[in-house]
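Below is one structure; the comments refer to it alone.
The values are calculated or read from the model by the stated rules, or taken from the named source; none is laboratory data. Source: prediction; values computed, not measured. Cβ: placed from backbone, ideal geometry, glycine included. Neighbour counts: every protein chain shown.
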Amino acid sequence: MPDGPDRWQGQAPAFAEPAGAAAAVERIERALAAARTDSLSEAAFRLAHARSALEGLKPERLEPRRGLAGLFDSRKGRLRRFREAYRLAAASLSDLTGDLSGRVEGAAPRSGMLDGVWAEVRDALVALDAHLLAASAYPLEGRRAALHASRATALSALPLIRAAQNADTRAAEALSRSGEGVALWRADWNEALGLSGKRPKTVRPNRERLLGSRDDLLARIDRALAELTASRARRADVEGRMAELGRPL
């Protein structure tokens with residue numbers, strides 16, 4: 001077998017092809033497909049609905065109405081109506097908590113998939129470096145240029161894959177905090193409205209306490225909605241940049 005440059009001249013078009021452009025594009029396409037599998041963004045609709053239900057629970061309705069309407073509006077009647085409105089909202093938000101929990105759990109497999117692709121791209125970089133060293137020993141400038149392009153593409157893909165994972169992580173954390181906030185709100189309102197444990201004969205809910213607990217949950221939901229909006233923007237940017245990476249190869 002000829003040694004030196006002549007050994008590779010006839011094979012130059014196929015040299016390092018498994019670690020070249022085709023492999024780089026395939027890995028980027030896999031990362032892009034995983035990044036596009038979104039289970040979190042749809043939670044925005046559920047959160048917005050929950051926010052509307054919460055805003056409809058106005059503690060001031062527990063106070064006597066003014067004018068003639070107040071003459072026929074007993075404290076027990078106001079409390080009964082408010083409790084019923086609360087029960088309906090609490091049931092809706094409990095369903096929301098289960099939905100958010102499922103979406104957060106559903107994001108984990110995608111993160112694991114992206115981890116696997118990231119490791120494959122990293123391993124491909126190691127292989128490309130080895131092929132580049134081999135190509136440098138022979139006058140295979142055309143193949144070296146193709147290998148360098150593939151390497152640059154793979155290297156650029158690594159931070160983009162991590163960016164897609166980070167966008168999911170922040171959104172999932174915000175959704176989890178909203179779910180925790182629902183549990184805290186329900187526990188506090190159950191107690192304030194005399195619905196937890198042995199019910200007292202007389203219930204006089206504290207308006208400021210009810211407002212504070214409700215507003216804390218509203219703030220959690222607002223932060224989650226903002227994070228979902230930011231996450232969608234970040235992921236759209238990542239997906240666009242990742243799609244552009246494979247086009248020149």
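Of all residues in the range 151-161, those that are loosely packed, with under 15 Cβ neighbours inside 10 Å and either of a type in the set (S, T, N, Q) or closer than 13 Å to ALA34 by Cα (or both) total 0. Among residues belonging to the range 26-84 that are modelled with pLDDT of 85 or more and aromatic (Phe, Trp, Tyr), point out the one that is nearest to ASP99 (Cα to Cα). Step by step, filter the range 26-84, then rank; the result is PHE45.
Yes/no per residue for (1) part of a helix (DSSP H, G or I); (2) over 23 Å from THR169 (Cβ atoms):
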residue	(1), (2)
SER196	no, yes
THR202	no, yes
LEU210	yes, yes
LEU218	yes, yes
ASP222	yes, no
LEU228	yes, no
ARG241	yes, no
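So if I check each of SER111, SER156, SER101, which one is hydroxyl-bearing (Ser, Thr, Tyr) and closer than 26 Å to ALA219 by Cα?
Working: SER111 fails: closer than 26 Å to ALA219 by Cα; SER156 fails: closer than 26 Å to ALA219 by Cα.
Answer to the check: SER101.
Each residue in the range 74-88 was checked for being surrounded by 15 or more Cβ atoms within 10 Å (Cβ to Cβ) and either among the aromatic types (Phe, Trp, Tyr) or part of a loop (DSSP other than H, G, I, E, B) (or both), and 2 pass. Scanning the range 214-244 for residues that are surrounded by fewer than 20 Cβ atoms within 10 Å (Cβ to Cβ) and of a type in the set (Gly, Ala, Ser) yields ALA219, ALA226, ALA230, ALA233, ALA236, GLY240, ALA243. If you check ARG143 against the conditions, is it closer than 30 Å to ARG235 by Cβ, out of contact with any Leu (no Cβ under 7 Å at 6 or more places or on another chain), in contact (Cβ under 8 Å) with a residue 12 or more places away in the chain and not aliphatic (A, V, I, L, M)? Judged against the criteria, ARG143 is not a match.
For the range 175-197, which positions are among the aliphatic types (A, V, I, L, M) and within 19 Å of GLY77 (Cα to Cα)? Steps first, answer last, please.
The first filter runs over the range 175-197 and keeps only residues among the aliphatic types (A, V, I, L, M), leaving 175, 182-184, 187, 192-193, 195.
Passing the criteria: ALA192, LEU193, LEU195.
Annotation note: Cβ proximity below 8 Å between a residue of the range 32-61 that is free of Cβ contacts under 8 Å to residues at least 40 places away in the same chain and a residue that is surrounded by 12 or more Cβ atoms within 10 Å (Cβ to Cβ) and charged (D, E, K, R) (sequence gap 6+ or interchain) occurs for ARG61/ARG78; ARG61/ARG81. ARG199 meets the conditions (1) over 30 Å from ASP115 (Cα atoms); (2) surrounded by 14 or more Cβ atoms within 10 Å (Cβ to Cβ); (3) of a type in the set (Lys, Arg) in every case but one. The failed one is (2). The single residue among ALA164, ALA174, ALA124 that is of a type in the set (Gly, Ala, Ser), surrounded by 14 or more Cβ atoms within 10 Å (Cβ to Cβ), under 25 Å from the mean Cα position of the chain (by Cα) and closer than 16 Å to GLU29 by Cα turns out to be ALA164.
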